[in-house]
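Read through the structure below, which is laid out as structure tokens, and then see the notes.
The values are calculated or read from the model by the stated rules, or taken from the named source; none is laboratory data. Please read these numbers as outputs of a predicted model, since none were measured by experiment. Please note: Cβ atoms are built from the backbone with ideal geometry, for glycine as well, and neighbour counts cover all protein chains shown. Accessible surface areas use protein heavy atoms only, side chains included; no ligands, DNA or RNA. Shrake-Rupley method; radii C 1.70, N 1.55, O 1.52, S 1.80 Å.
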Amino acid sequence: MSAPALTRRDLAAALAASALASAGAAEARARPMGDREVLLGLLALEQRSVVVYEQIARSGKLSGSAAAAAALFGDQERRHADALTQALRGMGATSLPKPPSPQDARGDAGELIRLAAEHEMKCIRAYYEAHAKLRSPALLATAAGVMANEAQHLAVLRQLLGRDPSPVAFVTGEG
Amino acid sequence: MSVARTTPPNRREFLRVAGLSATAAGALAFAGCGGGDDESALGVPDPRATPQRDRAILNGALNLENTAVAVYTVGLPLLRGAVRRHAERFRDQEREHAVALAGLVRRMGGAPNVAKPAEEYRAAFPRLRGESDFLRFATDLENVGISAYVEGIPKLKDGRLRQTVASILCDEAQHVAVLLGARGGDRPDVSVPEPFVTGKATA
């Protein structure tokens, strides 16, 4: 049986993860602290994102494009978490945050989408702060790409709630 | 002998002539900032980062924002309904980016690049026959900006400038999600196709 062909997106994600891991290894040689602490905080948030979308998907309360968005975004959050994990391992980190335990999602579809949107805001804010702290160029480039993806999630979630998808010119995760 | 152009370029020609192909985005938008990407592989801060280079990077970004304002301005008469409302807001946001970037360049002691006259942009753009042409062209331009910002952020020395540019990048990424959604029937996999946004997403 032949292996499934890699899509362009798979390849891009693999390259991003690989760049992060390489940067992580170089980072470990250059500065054992600093970037690593920032990544640990981001990883904990990404793990929480995966759980948030899993809870929402399991609730069965979303349908149509809302359910499709939750499934897709959960998968993309997992890619972010995997890339950060690889980078941290490349930096020699042995103690990584454990994923939080899933809990039952409460509320109707609108409340669940709002929950996801609020969490995306937190993630955007964390990446925004990280941009001032990270020093490795490769980590900065990847963080920028992830932050932009979280901003897109937020835009789609806002559309699902009937709101303006892009209400501010400077997306900082506040307001 | 030079021959005056009588027909507008097509989309691809425009991007090529303007040097705005996705792969060239970083080189053009951040012209004058020197150097390649070899520092990325090292995982250490870019030793060539200087306040002067930061200023050049921001001025390059300003060119892109001024072009984006012109694209939305030219496209508006072709649009109706929700797409038009989004495009109006996006144009205003691109203008906010341009004003902010110009202010930063000025505060850093530089002279902000000035927008070209509207007719000059219009003549350089491909012919847009309707909403579909506009959505494709605007997506291309937004993606050029995204590529440039993703490549430019690691080159900025000042952390606060990196934050400002990242906040603009995220706004452009949201624009692309909406534009792709408008072309693809608001399917999430079309609006948000890649977990690491690089400016290569198309519908």
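In table form, for the structure just shown:
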quantity	calculated
The listed residue being open to solvent by 10 Å² or more (accessible area, probe 1.4 Å) and touching a residue at least 24 places away in the same chain (Cβ under 8 Å), out of B:PRO117, B:PRO51, B:PRO77	B:PRO51
Segments classed as helices (runs of 4 or more DSSP H), wholly inside segment B:1-100, with at least 3 members that are farther than 14 Å from B:ALA124 by Cβ, aliphatic (A, V, I, L, M) and modelled with pLDDT of 65 or more	B:51-75
Boolean, A:ALA93 is away from chain B (no Cβ under 11 Å), farther than 21 Å from A:GLY64 by Cα, touching a helix residue (DSSP H, G or I) at 6+ places or on another chain (Cβ under 8 Å) and of a type outside the set (Ser, Thr, Tyr)	yes
Residue match in segment A:128-150 (condition: open to solvent by 10 Å² or more (accessible area, probe 1.4 Å) and under 20 Å from A:LYS61 (Cβ atoms))	no
Positions within segment A:50-94 being under 17 Å from B:ALA177 (Cβ atoms) and touching a His at 6+ places or on another chain (Cβ under 6 Å), in sequence order	A:PHE73
Selected residue (only one of B:ALA61, B:ALA82, B:ALA100 is over 30 Å from B:GLY185 (Cα atoms), within 14 Å of chain A (Cβ to nearest Cβ) and out of contact with any Leu (no Cβ under 8 Å at 6 or more places or on another chain))	B:ALA100
Candidates B:ARG136, B:ARG129, B:ARG122, filtered to the one that is more than 9 Å from chain A (Cβ to nearest Cβ), part of a loop (DSSP other than H, G, I, E, B) and open to solvent by 50 Å² or more (accessible area, probe 1.4 Å)	B:ARG129
Verdict on A:GLY64 being at positive phi and surrounded by fewer than 22 Cβ atoms within 10 Å (Cβ to Cβ)	yes
Complete set of residues in segment A:81-95 that are part of a loop (DSSP other than H, G, I, E, B) and farther than 21 Å from A:MET147 by Cβ	A:GLY92, A:ALA93, A:THR94, A:SER95
Answer residue from segment B:156-185, given it is open to solvent by 40 Å² or more (accessible area, probe 1.4 Å), in contact with a helix residue (DSSP H, G or I) (Cβ under 6 Å, 6 or more places away or on another chain) and not in a helix (DSSP H, G or I) and is nearest to B:LEU101 (Cα to Cα) among those	B:ASP158
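The rows are residues; the columns are (1) open to solvent by 20 Å² or more (accessible area, probe 1.4 Å); (2) within 14 Å of B:GLU65 (Cβ to Cβ).
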position: B:ALA98; (1), (2): no, yes
position: B:ARG106; (1), (2): yes, no
position: B:PRO112; (1), (2): yes, yes
position: B:ILE146; (1), (2): no, yes
position: B:GLY152; (1), (2): no, yes
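Rundown of residues vs (1) part of a helix (DSSP H, G or I); (2) free of Cβ contacts under 8 Å to residues at least 24 places away in the same chain, yes/no style:
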site	(1), (2)
A:HIS119	yes, no
A:ARG125	yes, no
A:ARG135	no, no
A:LEU140	yes, yes
A:GLY145	yes, no
A:ALA148	yes, yes
A:GLN152	yes, yes
